[in-house]
Amino acid sequence: MNKLTIRDIDLKNKKVLMRVDFNVPIKDGKITDDTRIKAALPSIEYILEQNGALILMSHLGKPKGKDTKYSLAPCAERLSLLLNKKVIMAPDCIGPDVQKLINELKGGEVLLLENLRFYEAEEHPEKDSSFAKTLASYADVYVNDAFGTAHRAHSSTATIAQYFLNKAACGFLMEKEVNFLGMLLHNPKRPFCAIIGGAKISSKLGVVEKLLDKVDMLFIGGGMVFTFLKTQGRNIGNSIFEEDQLENAKKILAKGKNKLFLPLDIVIADEQNNNIKIIDINESIPMGYKGLDIGPKTLDHWQKELKKAKTIFWNGPVGMYEIDKFAKGTNTLAQILATIPATTVIGGGDSLAAISKLHLEDKFSHLSTGGGASLEYLEYGKLPGVDALSPYLTTK
């Protein structure tokens with residue numbers, strides 16, 4: 001990538017402001033999955049090795065104002081354990097108390113600012129430009145390692161970089177994410193296969209169209225299948241579909257005629273999920289039933305095709321995997337991909353959650369920490385949070 005990285009910049013004894021993505025699931029005050037915190041550790045540890053005074057900032061959830069339910073305090077506790085070092089938790093992200101903590105912060109110490117989204121200006125920089133300016137005043141260097149939010153042009157991910165001329169760098173995680181996704185766009189080993197799942201075609205229409213120009217095979221699973229079936233005149237019973245996407249689905253089917261794979265069979269169930277059947281794709285789904293997973297014939301067929309691949313990208317579950325009865329398609333697909341000797345890139349989100357649940361993380365080439373960001377990068381080839389960073393310099 002042609003952006004400054006933390007390797008290219010002098011961090012010794014500097015105050016370093018780093019945007020991380022600590023938007024982790026928390027239940028009853030406890031973190032249930034710390035994958036995103038662990039993903040930031042290489043950059044954190046590198047900065048501390050340079051004796052940088054590290055100021056971390058992140059959002060968590062979608063709070064409306066200052067809601068303690070969305071405090072990042074549990075993240076400070078977890079990071080303290082992971083680093084075996086005290087992480088100071090700030091009472092806010094701006095204000096005199098925070099400024100005092102920053103003034104006192106020494107090299108090798110870590111301060112975590114409170115949830116940025118406690119302020120409207122984080123998501124809406126145009127409403128208060130002073131927010132980004134205040135955050136920027138805390139440090140000598142800015143690092144963005146929050147790939148999961150790089151598709152958002154927010155105060156802490158994009159606006160802030162303008163205050164760090166030739167000193168706005170990407171962290172190791174951001175660099176790795178962009179390099180892997182850039183490889184998919186520009187130089188994948190072939191055959192290149194993509195699997196796109198999830199419920200809605202509307203949220204993935206752009207990336208599906210883009211991938212059709214890039215891949216040798218494209219496999220479609222999840223709830224979006226039924227919009228495609230509906231456009232073919234099939235009876236889909238009570239399955240979800242998007243009426244306003246029928247024309248788009250028709251265009252995709254025509255464009256991908258020779259490389260698009262829809263399921264061969266489908267797991268269906270009644271509204272109570274009690275009566276479960278597997279039907280052929282050519283059969284009608286009766287009223288009162290809905291499609292909830294891909295079937296065994298589909299998995300066998302897809303496995304044969306995917307085994308030919310040298311590069312595979314997967315984003316989105318191929319069934320309602322959060323219900324065990326309908327998780328077989330997604331889980332089996334994860335297990336299949338884990339055995340294929342190809343470059344395998346998982347596009348974050350629910351696909352990543354399924355892989356984590358099966359403890360298969362080390363079987364894949366790259367697990368993206370940002371589902372939305374990875375799809376947007378594949379669609380447009382750029383992200384606001386990456387574009388804002390300083391261009392690569394040959395001298396520090």
Average Cα contact separation per residue, the chain, under 8 Å, 6 or more apart, as relative contact order %: 18
Using packing as a proxy for protection, rank 61-70, 197-206 so that the peptide with the highest average count of other Cβ atoms within 10 Å comes first. 197-206, 61-70
Residues of type aspartates and glutamates that Lys214 reaches as a straight line, Cα spacing below 12 Å, ignoring anything fewer than 8 places off in the same chain: Glu379
Specify which residue in the list Ile201, Leu306, Ser351 is farthest towards the positive end of the charge dipole of region 188-379, using unit charges on the beta carbon of Lys, Arg (+1) and Asp, Glu (-1), about the Cα centre. Leu306
Percent of beta bridges antiparallel (DSSP, the chain, rounded to nearest 5): 25
Which pairs in the list Lys189/Lys308; Lys204/Lys230; Lys200/Lys308; Lys290/Lys325; Lys189/Lys250 are over 20 Å apart, alpha-carbon to alpha-carbon? Lys200/Lys308; Lys189/Lys250
Restricting to DSSP H runs of at least four residues, report the calculated mean residue ellipticity at 222 nm for the chain, -39500 (n - 2.57) per run over all residues, nearest 500 deg cm²/dmol. -9500 deg cm²/dmol
For region 137-250, the spread of Cα positions along each principal axis, largest first, Å: 61, 33, 18
If all Cα-Cα distances of region 88-146 are sorted into 10 Å bins from 0 onward, what percent lands in each bin, rounded to whole numbers? 20, 56, 22, 2
Thr343's amide H: which non-local residues (gap 5+, or another chain) put their own amide H closer than 5 Å, with H modeled 1.01 Å from N in plane and none for Pro or chain starts? Thr311, Ile312
Charge dipole of region 226-309 about the Cα centre (unit charges at C-beta), most positive-ward option of Gly291, Asn274, Phe228: Phe228
Ranked by Cβ crowding within 10 angstrom, fewest neighbours first, how are Ile6, Ile294 ordered? Ile6, Ile294
Under a cut-off of 20 Å between alpha-carbon atoms, report the aspartates and glutamates in cross-link reach of Lys363, not counting same-chain residues fewer than 8 places apart. Asp33, Asp34, Glu177, Glu305, Asp350
Just to verify a number: FRET efficiency for Met1 and Gln232, C-beta to C-beta distance, R0 = 41 Å, to 0.05? 0.50
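Rounded to the nearest 5, what is the percent of antiparallel bridges among the DSSP beta bridges in region 265-384?
60
Taking a quarter of the surface of the convex hull around the Cα atoms of region 116-160, what do you get in nm²?
Here the figure is 3.0 nm², rounded to one decimal.
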Partners for Lys27 among lysines (Cα-Cα distance below 16 Å; same-chain residues under 8 apart left out): Lys62, Lys69
Packing-based exposure ordering (other Cβ within 10 Å, fewest first) of His366, His154, His359: His359, His366, His154
At q = 0.11, 0.14, 0.17 Å⁻¹, what log₁₀ I(q)/I(0) does a Debye calculation on the Cα points of region 6-175 give, no solvent, two decimals? -0.38, -0.64, -1.00
In nanometres, the difference between 0.36 nm per residue of separation and the alpha-carbon distance of Lys133 and Lys214 is 25.1 nm
DSSP loop chymotrypsin sites (Phe, Trp or Tyr not before Pro) in region 312-396 with at most 16 other Cβ atoms within 10 Å of their Cβ, which ones? Tyr392
If the only charges are +1 at each Lys and Arg Cβ and -1 at each Asp and Glu Cβ, what is the size of the charge dipole of region 134-277 around the Cα centre, to the nearest 20 debye? 520
Alpha-carbon radius of gyration plus Dmax, which is the widest Cα pair, for region 188-379 in Å: 15.4, 45
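Could you give the alpha-carbon Rg of the chain over 2.2 N^0.38 Å, rounded to two decimals?
1.06
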Most exposed first, judged by fewest Cβ atoms within 10 angstrom, Met224, Met320, Met183, Met89 run Met183, Met89, Met320, Met224
Anyone know which of Arg117, Arg190, Arg152 comes out most mobile in the 10 Å Cα GNM of the chain? Arg190
Any idea how far the Cα center of region 191-210 sits from the one of region 83-150, in Å? 35
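No value in this document is a laboratory result; all are computed from the given coordinates. Because the structure is a prediction, the values reported are computed rather than measured. A quick note on method: Cβ atoms are made from the backbone with ideal geometry, for glycine too, and the neighbour counts reach across all protein chains shown.
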